[in-house]
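See structure below.
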Amino acid sequence: MREISKKISYLQGLCEGMNIGENTSQGKIILGILAVLDDLALEARELRGGLRDFQDYLQDLDDDIFELQESMIDEDDEYENDEDYVELTCSKCGEELYFDAEILDDEDKIEIICPSCNEVVFVHDGAFDFEPAIIDEEEEEKGTSRVHS
C-alpha cells in the first residue's frame, strides 16, 4: 500500500515539475486522475485497517467458540461418567433426554419436559420406588428409556 502512495506522490510531483496545471484540458484530466488515485489509495488503507480489525475480532470469536466447545466436551465427559442417569426419548420429536436418577428419590411431583417441543415426557409423582432393573426391563420392551447405574 505504501508503494502505491509513493507512486501517486511521484506522479503528482512530476506534474508540478512539468507545470501541468488546470489551465489546459489535458492538465485537468491528468490532475483529476491523480486525485482519484490518491482517494483510492486512502480508501484502500482504511479498508485494510478495517480488515485487520475484523480478522482480530474473528480470531477472538474463534477462540471463544473453541473454549465453549472444550467446556461442553468436559461437561459431556463428566455427564457420561455419572453412573445414575435416566435416558428418555421424546415420543413427539425423538429428542434424547437425560436426567439424574436421584430425582426419582424425591417425594415431590416432577415433570420432565422436552426442550425441543415442550412435550411432557416423564412425570414423577413421588410415589415411585426406583429400581433400575425394573425400569430397564419395562422400558427396553417399550424402547423409550434406560437407567444406567
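The values are calculated or read from the model by the stated rules, or taken from the named source; none is laboratory data. What you see is a predicted model, and the numbers here were worked out from it, not measured in a lab. Don't worry about glycine lacking a Cβ; one is built from the backbone with ideal geometry, like all the others, and counts go over all protein chains shown.
Just a few scattered comments:
- Residue 43 vs. criteria loosely packed, with under 12 Cβ neighbours inside 10 Å, in a strand (DSSP E or B) and modelled with pLDDT of 75 or more: no
- Taking first residues from region 70-89 that are charged (D, E, K, R) and part of a loop (DSSP other than H, G, I, E, B) and partners that are modelled with pLDDT of 65 or more and surrounded by 13 or more Cβ atoms within 10 Å (Cβ to Cβ), the Cβ contacts under 6 Å between residues at least 6 apart in sequence or on separate chains come to 84/101.
- Only one of the numbered conditions (1) over 30 Å from residue 100 (Cβ atoms); (2) among the hydroxyl-bearing types (Ser, Thr, Tyr); (3) modelled with pLDDT under 90; (4) surrounded by 10 or more Cβ atoms within 10 Å (Cβ to Cβ) is not met by residue 57, and that is (3).
- Taking region 1-18 as the range and being modelled with pLDDT of 85 or more and either loosely packed, with under 12 Cβ neighbours inside 10 Å or among the aliphatic types (A, V, I, L, M) (or both) as the test, the residues that pass are 3, 4, 6, 8, 10, 11, 13, 14, 16, 17, 18.
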